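No lab work stands behind these numbers, since they all come straight from the coordinates. As the structure is a prediction and not an experimental result, all values here were calculated from the model. All Cβ positions, glycine included, derive from the backbone under ideal geometry; neighbour counts span all protein chains shown.
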Amino acid sequence: MSELKPLTVEVAQEENILQVLARPPLRSSQPLQWQGIYVQQHHQPAWETPEYRYTQHMILVHHSEQLVQVERVLDGRRQREQLGDGNIVIVPATVAHQVSWNQENTFTLLFLEPNHLAQVAHETVNSDRVELIPQFSSLDPLIDQLGQALRSEMESQGSGSRLFVDSLTTALSIHLLRHYTVRQQPLQTHSGGLPHRKLQQAINYIQAYLAQDLSLEEIASTVEMSRYYFARLFKQSMGISPYQYVLQQRVEQAKALLRSSSLSIAEIAHHVGFADQSQLTVQFRKFTGTTPLDYRKQL
């Protein structure tokens, strides 16, 4: 392992990853301009990285069926590991990290902005200072599932919803705060839901911009609340998350158009805010138990 001073790597510029890895990512979320999180999918040859520090928190999710032999130095500690499907590694921002592996390796990197995690912490655990614990290879099914969902959204090249990505990012942040911080504290609870006026403001905004790729930040800002606080109170008021509510309203609007217009299903999908007919069909079936085509035939 190298004795050189660790590199400081900012991954917002995709080419910077080549300071650490042999190949650029297969895919990245950079063109999608997600807020608070940046995702890369990698397939790398056997490799030894220099010692480096990312300016973002990095969560590695390994998803290769073959076991990969790894030697890792994390925050000055050395460990040999076997990475299998679903193994995760957590490297907090600015923590020194160096790793080598012995064969082709497939993994997803989730880069979480420290400011985003700090904001969620401020709202949930009454703490302005967040110190993540470096985590050698371990199994964490929830992080694995969140990583898979984020990777799927990235692979769809934006055909999903920013609101969905915001929800996944918040869920990841809360999970890290609960399980991987130096001073773990119980999360604050909020009760009572949104005041009626603010709830109506949020609903009106969603209805007005239903066809657009809404974000949690945009909706929350209309009622002058933070993303996390708004999402919690909205769910208490409505019984479902903002993301589920938006999907529900899009399906309801699609049903109305199927009844009252001669638009094609693809046109209806675009009109109500879905990326394509396939996405509409998947969500329509979830909410109604049938497809848009069969629904129209039954009218």
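Charges only on Cβ, +1 for Lys and Arg, -1 for Asp and Glu: so what's the dipole of the stretch 249-297 about the Cα centre, in debye to the nearest 20? Don't skip to the answer; put the middle values down first.
Working: 7 positive and 4 negative charges, 36 e Å.
Roughly 180 debye, rounded to the nearest 20.
Is there a quick way to get the dipole size of the chain? I mean about its Cα centre, with the Cβ of Lys and Arg at +1 and of Asp and Glu at -1; what is the value in debye to the nearest 20? Write out the running numbers ahead of the final one.
On the way: 25 positive and 29 negative charges, 212 e Å.
With Lys and Arg at +1 and Asp and Glu at -1, about 1020 debye.
Label separation (Arg178 vs Glu48): 4.0 nm, computed from points 7 Å beyond Cα along the C-beta direction.
Could you sort the peptides 6-14, 267-275 by per-residue average Cβ neighbour count (10 Å cutoff), highest mean leading?
267-275, 6-14
Between the residues Gly289, Val246, Leu214, the greatest Cα displacement towards the positive end of the dipole of the chain, with unit charges on the Cβ of Lys, Arg, Asp and Glu, is found for Gly289. What lysines does Lys255 reach when the alpha-carbon gap must be under 27 Å and sequence neighbours fewer than 8 apart in one chain are set aside? Partners within reach: Lys235, Lys286, Lys297. Listed from fewest to most Cβ neighbours within 10 Å, the set Tyr38, Tyr205, Tyr245 follows the order Tyr205, Tyr245, Tyr38. Dividing the summed -39500 (n - 2.57) terms of all DSSP H runs of n ≥ 4 by the residue count of the chain sets its mean residue ellipticity at 222 nm at -12500 deg cm²/dmol.
When you work out D = kT/(6 pi eta Rh) for the stretch 1-71 at 4 °C and 1.567 mPa s, using the Kirkwood radius from C-alpha pairs as Rh and the Stokes-Einstein form, the result is 95 µm²/s.
Anisotropy class assigned to the stretch 252-299 is oblate, per the alpha carbon gyration tensor with a/c at or over the 1.5 cut-off and a/b no larger than b/c.
Shape class of the stretch 199-280 from the alpha-carbon gyration tensor: prolate, with a/c at 1.5 or above and a/b greater than b/c.
Largest first, the three principal axis extents of the alpha carbons in the stretch 196-239 are 25, 18, 17 Å in whole numbers.
Give the shape of the stretch 31-116 as rounded, prolate or oblate, defined through the alpha-carbon gyration tensor: a ≥ b ≥ c are the square roots of its eigenvalues, a/c under 1.5 means rounded, and otherwise the shape is prolate if a/b is larger than b/c and oblate if not. Write down the numbers at each step before the final one.
On the way: a/c = 2.08, a/b = 1.31, b/c = 1.59.
Judged from the Cα gyration tensor, the stretch 31-116 comes out oblate (a/c at least 1.5, b/c at or above a/b).
What separates the Cα centres of the stretch 54-112 and the stretch 224-245 is a distance of 34 Å. If each residue's Cβ is checked for other Cβ atoms within 10 Å, how do Phe136, Phe287 rank with the fewest at the top? Listing Phe136, Phe287 from fewest to most nearby Cβ atoms yields Phe287, Phe136.
For Val39, Val251, the sequence from fewest to most other C-beta atoms within 10 Å is Val251, Val39.
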